[in-house]
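Below is one structure, written out as structure tokens; the observations come after it.
The values are calculated or read from the model by the stated rules, or taken from the named source; none is laboratory data. Computed from a prediction, not measured in an experiment: that's the story for all the values here. Heads up, the Cβs are rebuilt from the backbone with ideal geometry, glycines too, and the neighbour counts pull from every protein chain shown. Accessible surface is based on the protein model in full, side chains and every heavy atom, while ligands, DNA and RNA are left aside. Shrake-Rupley method; radii C 1.70, N 1.55, O 1.52, S 1.80 Å.
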Amino acid sequence: MAPGRLTAAKPVAPLAAAEALLVERGARATRVRIAALACLLRAREALTHHDVEKRLARGGEVDRVTLYRVLDWLTAEGLVHKVSGGDRVWRFSAAGHEHPGHAHAHFQCSECGKVVCLDAARVPAIAVPAGYRRREVEITIKGSCDACAPRG
């Protein structure tokens, strides 16, 4: 199994999966790291810091600053990625952590702001000038999600 990749053959509870991913990285599996990563693993869309904070608050007290640091750390470790929407709010997702270099597309609803990863979409190879090194590729498709699209 590739590092950071969960198999579909063995369904794993999000808390156990989050802890396993942290341990696999050799990182300290703190309560907040596990909870934040598990929250993102459960999510079907990218979540803002506020969204994660609200979801974690249901299970107990979460320090806002600690959560910011944890989300930044998870991003730096490649376990989650963050994407900025048109509203300039960062959203975090664990859905793409298995993609080295974060090269996949997103869909953002222009109405409600929901952002989802389009893991099945192929990102074209884009040449950069000689000597340049690509770190990330961000492609965002904007439109209306299924909940906001006009019915007709």
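Yes/no matrix, rows are residues, columns are (1) on the phi > 0 side of the Ramachandran plot; (2) open to solvent by 50 Å² or more (accessible area, probe 1.4 Å); (3) at pLDDT below 85; (4) touching a Phe, Trp or Tyr at 6+ places or on another chain (Cβ under 6 Å):
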residue: Thr75; (1), (2), (3), (4): no, no, no, no
residue: Ala95; (1), (2), (3), (4): no, no, yes, no
residue: His102; (1), (2), (3), (4): yes, no, yes, no
residue: Val128; (1), (2), (3), (4): no, yes, no, no
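Scan (1) modelled with pLDDT of 85 or more; (2) under 27 Å from Glu24 (Cα atoms); (3) under 15 Å from the mean Cα position of the chain (by Cα) for the single condition Val89 breaks and write down its number.
That leaves (2) as the condition not met.
In the range 115-138, is there at least one residue being more than 25 Å from Ala20 (Cβ to Cβ) and within 11 Å of the chain's Cα centre (by Cα)?
Yes: one or more hits.
So how many residues does the range 77-92 have that are farther than 18 Å from Ile34 by Cα, in contact with a Lys or Arg (Cβ under 8 Å, 6 or more places away or on another chain), open to solvent by 30 Å² or more (accessible area, probe 1.4 Å) and part of a loop (DSSP other than H, G, I, E, B)?
Adding up the residues that qualify gives 1.
Based on this model, can you work out whether Arg64 counts as surrounded by fewer than 14 Cβ atoms within 10 Å (Cβ to Cβ), at pLDDT 85 or above and touching a helix residue (DSSP H, G or I) at 6+ places or on another chain (Cβ under 8 Å)? Please lay out each step first, then the result.
Details: surrounded by fewer than 14 Cβ atoms within 10 Å (Cβ to Cβ): yes; at pLDDT 85 or above: yes; touching a helix residue (DSSP H, G or I) at 6+ places or on another chain (Cβ under 8 Å): yes.
Answer is yes for this residue.
What number of residues in the range 137-152 are in a loop (DSSP other than H, G, I, E, B) and open to solvent by 90 Å² or more (accessible area, probe 1.4 Å)? Steps first, please.
As a first pass, look at the range 137-152 and keep what is in a loop (DSSP other than H, G, I, E, B): 144-152.
Next, only the ones that are open to solvent by 90 Å² or more (accessible area, probe 1.4 Å) stay: 146, 150-152.
Count: 4.
Quick check on the range 130-141. Is at least one of its residues at pLDDT 90 or above and closer than 26 Å to Ala36 by Cβ? Before the answer, list the steps.
Of the range 130-141, the ones at pLDDT 90 or above are 130-132.
Then keep just the ones that are closer than 26 Å to Ala36 by Cβ; that gives none.
No - not one qualifying residue is present in the range 130-141.
Could you count how many residues in the range 20-61 are surrounded by 18 or more Cβ atoms within 10 Å (Cβ to Cβ), free of Cβ contacts under 8 Å to residues at least 24 places away in the same chain and among the β-branched types (Val, Ile, Thr)?
Count: 1.
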